[in-house]
1. On the given criteria, is Asp30 surrounded by 13 or more Cβ atoms within 10 Å (Cβ to Cβ) and modelled with pLDDT of 90 or more?
2. Scan region 21-68 for residues that are among the aromatic types (Phe, Trp, Tyr) and without any contact (Cβ under 8 Å) to a residue 40 or more places away in the chain and jot them down.
3. Only one of Leu48, Leu24, Leu52, Leu13 is within 13 Å of the chain's Cα centre (by Cα) and at pLDDT 90 or above; which?
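The values are calculated or read from the model by the stated rules, or taken from the named source; none is laboratory data. Keep in mind it's a predicted model, so treat the numbers as computed, not measured. Please note: Cβ atoms are built from the backbone with ideal geometry, for glycine as well, and neighbour counts cover all protein chains shown.
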Amino acid sequence: MKRDVAERLLRALGDISFDDASALTFEIADEAERRFFRQGLAEAMKILGTDLVMHIVRQYPDLDPDKR
């Protein structure tokens, strides 16, 4: 992957607000539906926050958001 694409992907991934989405799930009255959404958010956070970001960081270690 080219560096400029990696940088843009990291920015796009960072723009996703899991905090906002998580807070909204507390407005779901049905417990089973709320649990479904919260589990889905947790899976998405793992995939986006770990798998995709780390794929980029392995290619470009200086782009690691934890080291900035």
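1. Considered against the rule, which asks whether it is surrounded by 13 or more Cβ atoms within 10 Å (Cβ to Cβ) and modelled with pLDDT of 90 or more, Asp30 comes out as no.
2. Across region 21-68, the qualifying residues are Phe26, Phe36, Phe37.
3. Checking each option against the conditions leaves just Leu52.
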